[in-house]
1. Considering the values (i) 166; (ii) 145; (iii) 113, which represents volume of the Cα convex hull per residue in Å³ as calculated for the structure under consideration?
2. Each residue of the range 134-144 in turn: what ³J(HN,Hα) in whole Hz from Karplus with 6.51, -1.76, 1.60 and θ = phi - 60°, glycine and Pro shown as x?
3. Specify which residue in the list 16, 93, 119 is farthest towards the positive end of the charge dipole of the chain, using unit charges on the beta carbon of Lys, Arg (+1) and Asp, Glu (-1), about the Cα centre.
4. At a threshold of 8 angstrom on Cα-Cα distance, excluding pairs fewer than six apart, so keeping six or more, what relative contact order does the range 18-89 reach in percent?
5. Dipole magnitude of the range 91-179 about its Cα centre, charges +1 at Lys/Arg Cβ and -1 at Asp/Glu Cβ only, in debye to the nearest 20?
6. Below 8 Å between Cα atoms, with a sequence gap of 6+, how large is the relative contact order for the chain in percent?
7. Show me 30-36, 157-163 ranked by packing, highest mean number of other Cβ atoms within 10 Å first.
8. Output ³J(HN,Hα) for the range 167-181: one whole-Hz value per residue in order, computed from phi by the Karplus curve 6.51 cos²θ - 1.76 cosθ + 1.60 with θ = phi - 60°, and x for Gly and Pro.
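Here, each number is a calculation from the coordinates, and none is a lab measurement. On a predicted model such as this, the values are computed, not experimentally measured, just so you know. We place every Cβ from the backbone using ideal geometry, glycine too, and count neighbours over all the protein chains shown.
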Amino acid sequence: ADAKSKVYGTANPALTFSYDGLVNGDTAVSVLPTISTTAVLTSGVDTYPIALTGGSDDNYTIALEDGILTVTKAALTITADAKSKVYGTANPALTFSYSGLVNGDNAISEFPTISTTALATSAVGDYPISLTGVSNANYDITLVDGILTVTQAALRITADAKSKVYGTANPALTYSITGFENGDAEA
């Protein structure tokens, strides 16, 4: 049997065999052997036998040699989802998504570690969301980092209502500010 390979989650390739030792222009034996493998669509990364059975020809003594079907890893990308938050608030829950799962898999057994350098006190700007440390027997994994965007907090400055008597000088004009975060103050 000829050696074959396939990617995890794909259909088995056509199983074939070849001859060694045919003479007199023969291209095949009169009764072909049957060929099969134990690997199926959902078989994990490993090697599986390709078995030959039967086959005969009055002019040949047939020796059958089994082959190997190798199942290789499928490509999987795990991407940190983009997030945003307002300055001074807690970080949102960090999440990730998959692209490339096969065989009805909706996740893998080991999750990557996900983190960001942003804190509740981080200034307005973009901060990396990093993915690290994951492997899987059936997938060749690519990790794609994301971005946490910190946006401006709303700050309200309100002019204080004042009054005065006709003909007198204007009172001192004042205002109040609400919305400071992280211990920030007017100074």
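1. Given (i) 166; (ii) 145; (iii) 113, the calculated one carries the label (i).
2. Ordered by residue, 3J(HN,Hα) equals 8, 8, 7, 5, 9, 10, 9, 9, 10, 9, 10 Hz.
3. 119
4. 27 percent
5. Roughly 840 debye for the range 91-179.
6. Relative contact order comes out at 19 percent.
7. Top to bottom by mean Cβ count within 10 Å: 30-36, 157-163.
8. x, 9, 5, 4, x, 5, 8, 10, 8, 10, 10, 10, x, 4, 10
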